[in-house]
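What follows is a short report on a single structure.
The values are calculated or read from the model by the stated rules, or taken from the named source; none is laboratory data. The structure displayed is predicted, hence computed values, not measured ones. Here the Cβ positions follow ideal geometry from the backbone for every residue, glycine too, while neighbour counts run over all protein chains shown. In case anyone asks, the SASA skips ligands and DNA or RNA and just uses the protein heavy atoms, side chains included. Shrake-Rupley method; radii C 1.70, N 1.55, O 1.52, S 1.80 Å.
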Amino acid sequence: MAPAAAEQSKRLRILLVPFFATSHILPVTDLAFHLAAARPDAVEAAIVAVTPANAPIVRSALARREPSHAIARVEVATYAFPAVDGLPPGVENMSTVNAADAWRLDAAVTSEAVMRPAQESFIMESSPDAIISDLPFFWWHAGIAAKLGIPCVFFHVLGNFPSLAMWRLAFMGVKEDEAAPGSSVTIPQFPGPEISLPVTELPHFLRRPPPIDKETCDQIMMNLKSCGFIANTFVDLEPEYLDSYNDCGYVKRTYCVGPLSLPMPPPAAASSASDKSACLDWLDTMPTHSVVYLCFGSLTNFSEAQLDELALGLEASGVPFLWVVRETIAAGVPVLTWPMLFEQFITERFVTRVISIGERLWPEGAGVRSTSHEEHELVPAKAIAQAIAKFMEEGGAADAARKRIKELSPKAHAAMAEGGTSRRDLHQLVDDLMAGRASVVGTTNSS
């Protein structure tokens, strides 16, 4: 083998498999980009594997990062989405599915019986050196990686606080008497302030745990303990929760690699004025600290009635607003929280009670909130208008939150810069994946 070819064969081909939602596909694509950019000497390719309808999301995300030398080492690969009774062809994303098809798609993409055959066939054919899998959805990837004898590291698009909270609640279990309407649970063995939530605000998998056999559960835990866990956060944001996560024995180590939405450190030349968007042009015309930033994520689906109340409330508040989807701390703005699904109610406690960069839009006790839209009460326009106006008034809660987030925002950027904590963890992750592959190759050669 020629020296150049031999060197190429030593580099990693890392397969990253995101869940079927834009809010997961984008961070996984960001992770692929940063892995390729951080270690071009060690990463031959970071391959984002999606179904055909989701491939344009990955390509669009990569296009926004051009020009960059790392783009060439991020590949987009597709595997077939299985046929599902009653689901139209091309419906493959929880962020864009209509309400009528949502339950069918959700049932399909979270089912091992439906999804594993296509994914396993693709992974086996691709023969990667490592798998990075989207937790908690594709837990069966641990078994596939074991067959191939390669590392499988789980990636959570969330931070350590909600991840640790869900682990604690999952292992404790929600008792039958706690699951009654109106009851609450307190997260056990949790650092910082005591965190309690109404049962209605828990993710569905904690309220009604899915059936996972002991062998699969053992395989997941073995992977977490042997390969570690990747989190889209940075050390200075939540150090005590990171320490608790590492000390709990669930994982070998946590790689804090975020905020992944941030770009690479900019070149010496400043960006041109033509790079500015219409939104930024509009923002430049507004007074400082006068615009409300709305962010609900790509999985949130409001009812028509709630959309009407939201529009009326925004209009009645008299405050200009911008509705976008990005990571808040890196952007350096305070937030009014309006959680809707999955772990958002847990994350709200982190935002409002731990790092104090925002407030609840709907005060505690004002009405029932739930991860099930059937249980979630309508938030009236009057309450929305009052919350926004009060939050944004001079000397109000937004000013205190803004002061706190101005302390955190530079730390987020510093973490991703060369020599920063997240940058170092990206390097360490690649080193550990290389070591994991080397140990498998060594075992194969000696047998």
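Scanning segment 39-61 for residues that are open to solvent by less than 10 Å² (accessible area, probe 1.4 Å) and assigned to a helix (DSSP H, G or I) yields a count of 4.
Do we find a residue being closer than 25 Å to Ala46 by Cβ and either at pLDDT 90 or above or out of contact with any Leu (no Cβ under 6 Å at 6 or more places or on another chain) (or both) anywhere in segment 397-412? So far as segment 397-412 goes, yes, one or more of its residues are closer than 25 Å to Ala46 by Cβ and either at pLDDT 90 or above or out of contact with any Leu (no Cβ under 6 Å at 6 or more places or on another chain) (or both).
Inspect all residues belonging to segment 209-226 and state whether any of them is at pLDDT 90 or above and in contact with a Gly (Cβ under 8 Å, 6 or more places away or on another chain).
Filtering segment 209-226 for residues at pLDDT 90 or above gives none.
No, segment 209-226 contains no residue that is at pLDDT 90 or above and in contact with a Gly (Cβ under 8 Å, 6 or more places away or on another chain).
Could you check how many residues of segment 62-93 are part of a loop (DSSP other than H, G, I, E, B), of a type in the set (Ser, Thr, Tyr) and touching a Ser or Thr at 6+ places or on another chain (Cβ under 7 Å)?
Let us first name the residues in segment 62-93 that are part of a loop (DSSP other than H, G, I, E, B), namely 64-68, 79-93.
Subset that is of a type in the set (Ser, Thr, Tyr): 68, 79.
Then drop every residue that is not touching a Ser or Thr at 6+ places or on another chain (Cβ under 7 Å), which leaves 79.
Residues meeting the conditions: 1.
Taken over segment 94-110, residues that are buried (at least 18 other Cβ atoms within 10 Å of the Cβ), assigned to a helix (DSSP H, G or I) and either small (Gly, Ala, Ser) or more than 21 Å from the chain's Cα centre (by Cα) (or both) amount to 1.
Taking residues in segment 107-128 that are at pLDDT 95 or above, and partners anywhere that are charged (D, E, K, R) and surrounded by 13 or more Cβ atoms within 10 Å (Cβ to Cβ), the pairs with Cβ atoms closer than 6 Å and at least 6 places apart or on different chains are Pro128/Arg13. Can you list residue pairs whose Cβ atoms sit under 7 Å apart, with the first residue in segment 246-268 being closer than 11 Å to Phe234 by Cα and of a type in the set (Phe, Trp, Tyr) and the second being modelled with pLDDT of 75 or more and open to solvent by 30 Å² or more (accessible area, probe 1.4 Å)? Count only pairs 6 or more apart in sequence or on different chains. Every condition considered, the pairs that remain are Tyr255/Gln428.
Could you tell me whether segment 91-110 includes any residue that is in contact with a strand residue (DSSP E or B) (Cβ under 7 Å, 6 or more places away or on another chain) and of a type in the set (Phe, Trp, Tyr)? Before you say what the answer is, go through the steps one by one.
Initially, segment 91-110 is screened for residues in contact with a strand residue (DSSP E or B) (Cβ under 7 Å, 6 or more places away or on another chain), giving none.
No, segment 91-110 contains no residue that is in contact with a strand residue (DSSP E or B) (Cβ under 7 Å, 6 or more places away or on another chain) and of a type in the set (Phe, Trp, Tyr).
Which one is farthest from Asn93 (Cα to Cα) among residues in segment 111-127 that are in a helix (DSSP H, G or I) and touching a strand residue (DSSP E or B) at 6+ places or on another chain (Cβ under 9 Å)? Let's see the steps before the verdict.
Here is the first cut: in segment 111-127, the ones in a helix (DSSP H, G or I) are 112-126.
Next, from what is left, pick out any that are touching a strand residue (DSSP E or B) at 6+ places or on another chain (Cβ under 9 Å): 119, 122-123, 126.
Working: Gln119: 16, Phe122: 19, Ile123: 20, Ser126: 23 Å.
Among them, the one singled out is Ser126.
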